[in-house]
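*Asks:* One structure, pasted below without further comment.
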Amino acid sequence: MLMTDLDSKMVYDLLIAFSSYTELKRKILVCLAHIYPQAVSGSQLSALIGYSGQARTLYRGVLDRLKDDTVILLDKLTSKLYSIRINHDHPLMRLLIEISQENGLELKTKYLTLLQSGEMNE
Amino acid sequence: MNNLQNVAKQEYFIIKFLEISVLCLAIILVIFFLSTMFKSDSIQITIILYDSIPFYGFLIASIGFVGGLTYWRWYRIPPALQNALIPYFEGLGFITKQTLFHILRVYITPDIYFQIKISLHKFTSNEDCLFYMESMRLLTVFQNPGEFKRIAAQYLLCPDLVRQKFTTTCELEEVHLRSLLLTSAIKELVRIQK
């Protein structure tokens with residue numbers, strides 16, 4: 001099998017698997033892939049994907065389900081503070097990270113700017 | 001979708017109301033039974049009601065009726081959800097079988113199936129209508145755990161090595177595509193094992 005065939009198969013798998021997720025989950029994964037290897041808290045993530053401070057809904061529902069599917073890593077730092085990052089050991093997520101890091105420099109800069117401005121406001 | 005979510009939440013609260021009603025009726029029955037047995041006059045209402053109507057018969061009939069209603073609500077999948085799920089699977093040529101507690105079993109072939117458990121409402125996450133999907137027990141997983149994990153990763157499923165199952169939890173709008181992914185994952189693993 002040619003390398004290009006293998007890549008296109010993986011890209012197809014990623015596309016199909018990604019399509020099965022809701023818009024919110026897709027936004028989260030795209031965001032985390034762009035800012036990789038940086039980890040973010042729930043409130044930072046909700047600000048990055050354009051959700052107004054309703055991080056609580058992310059904590060309990062969507063993030064837990066993404067964690068169950070082993071696509072993100074959710075580390076509990078305190079009772080209310082989580083460290084969220086994409087699971088780079090997952091083959092499809094590794095591919096997503098590679099694609100995002102290679103082609104999404106502009107978006108990555110925007111995400112990081114938002115992250116820094118958020119930190120300064122805090 | 002929002003309408004279906006509202007239906008699910010409404011059904012959840014109806015079931016909870018029925019469960020509490022059965023429990024309350026059972027408690028009342030026990031209290032009256034004990035007070036009659038010990039000939040206690042402390043609860044005056046016992047005497048009034050006991051003399052006026054066939055109280056025990058009425059109470060037992062009520063428990064039976066409300067209990068039956070609860071059982072039926074536990075058994076059936078709300079019609080709106082059923083209309084969104086079952087025709088889809090049957091259109092794909094799958095056979096569906098309903099079991100207790102809102103579990104729908106979908107047979108891809110007579111010997112390959114997966115289950116969808118419908119949670120009408122989850123208080124912990126405050127979400128309406130979540131679906132927990134799990135494959136049948138794939139008995140030869142231990143012979144090839146590497147492939148099992150690879151296929152799970154390919155379809156964004158959780159590989160449950162201990163229970164030898166693929167699992168995933170998803171929302172209402174994800175259930176159709178994710179059940180197709182689960183089907184593909186099961187078929188691929190079965191094909192490799194053969």
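The values are calculated or read from the model by the stated rules, or taken from the named source; none is laboratory data. What you see is a predicted model, and the numbers here were worked out from it, not measured in a lab. Heads up, the Cβs are rebuilt from the backbone with ideal geometry, glycines too, and the neighbour counts pull from every protein chain shown. The area values use the complete protein model at the heavy-atom level, side chains included, leaving out ligands, DNA and RNA. Shrake-Rupley method; radii C 1.70, N 1.55, O 1.52, S 1.80 Å.
*Asks:* Output the qualifying pairs, or none if there are none: Cβ atoms under 8 angstrom, residues six or more apart or on different chains, first residue in segment B:163-175 and facing chain A (nearest Cβ under 10 Å), second residue among the β-branched types (Val, Ile, Thr) and not in a strand (DSSP E or B).
*Replies:* As it stands, the answer is B:Glu171/A:Thr22; B:Glu173/A:Thr22; B:Glu174/A:Thr22, since those pairs meet every condition given.
*Asks:* Next up: Would you check if B:Glu134 is open to solvent by 40 Å² or more (accessible area, probe 1.4 Å), over 19 Å from B:Lys9 (Cβ atoms) and either of a type in the set (Gly, Ala, Ser) or within 14 Å of chain A (Cβ to nearest Cβ) (or both)?
*Replies:* Against the criterion (open to solvent by 40 Å² or more (accessible area, probe 1.4 Å), over 19 Å from B:Lys9 (Cβ atoms) and either of a type in the set (Gly, Ala, Ser) or within 14 Å of chain A (Cβ to nearest Cβ) (or both)), B:Glu134 does not qualify.
*Asks:* Here is a follow-up. Please verify whether B:Lys97 is over 19 Å from the mean Cα position of the chain (by Cα) and open to solvent by 10 Å² or more (accessible area, probe 1.4 Å), treating the condition exactly as stated.
*Replies:* No; evaluated as a whole, the condition is false for this residue.
*Asks:* Look through segment B:137-148, keep the residues that are within 14 Å of chain A (Cβ to nearest Cβ) and touching a residue at least 12 places away in the same chain (Cβ under 8 Å), and return whichever of them is least open to solvent (accessible area, probe 1.4 Å).
*Replies:* Step by step, filter segment B:137-148, then rank; the result is B:Phe148.
*Asks:* Taking B:Ile103, is it in contact (Cβ under 8 Å) with a residue 12 or more places away in the chain and out of contact with any Phe, Trp or Tyr (no Cβ under 8 Å at 6 or more places or on another chain)?
*Replies:* yes
*Asks:* May I pose another question? Test of understanding: among B:Ile186, B:Ile108, B:Ile118, B:Ile112, which residue is open to solvent by less than 10 Å² (accessible area, probe 1.4 Å), away from chain A (no Cβ under 13 Å) and more than 28 Å from A:Leu96 (Cβ to Cβ)?
*Replies:* Unique residue meeting the criteria: B:Ile118.
*Asks:* Any idea which residue in segment B:103-125 is nearest to B:Phe13 (Cα to Cα), counting only those that are assigned to a loop (DSSP other than H, G, I, E, B) and out of contact with any helix residue (DSSP H, G or I) (no Cβ under 7 Å at 6 or more places or on another chain)?
*Replies:* Here the residue is B:Phe123.
*Asks:* What single numbered condition from (1) open to solvent by 10 Å² or more (accessible area, probe 1.4 Å); (2) within 12 Å of chain B (Cβ to nearest Cβ); (3) under 24 Å from B:Glu171 (Cβ atoms); (4) at pLDDT 90 or above fails to hold for A:Met93?
*Replies:* (1)
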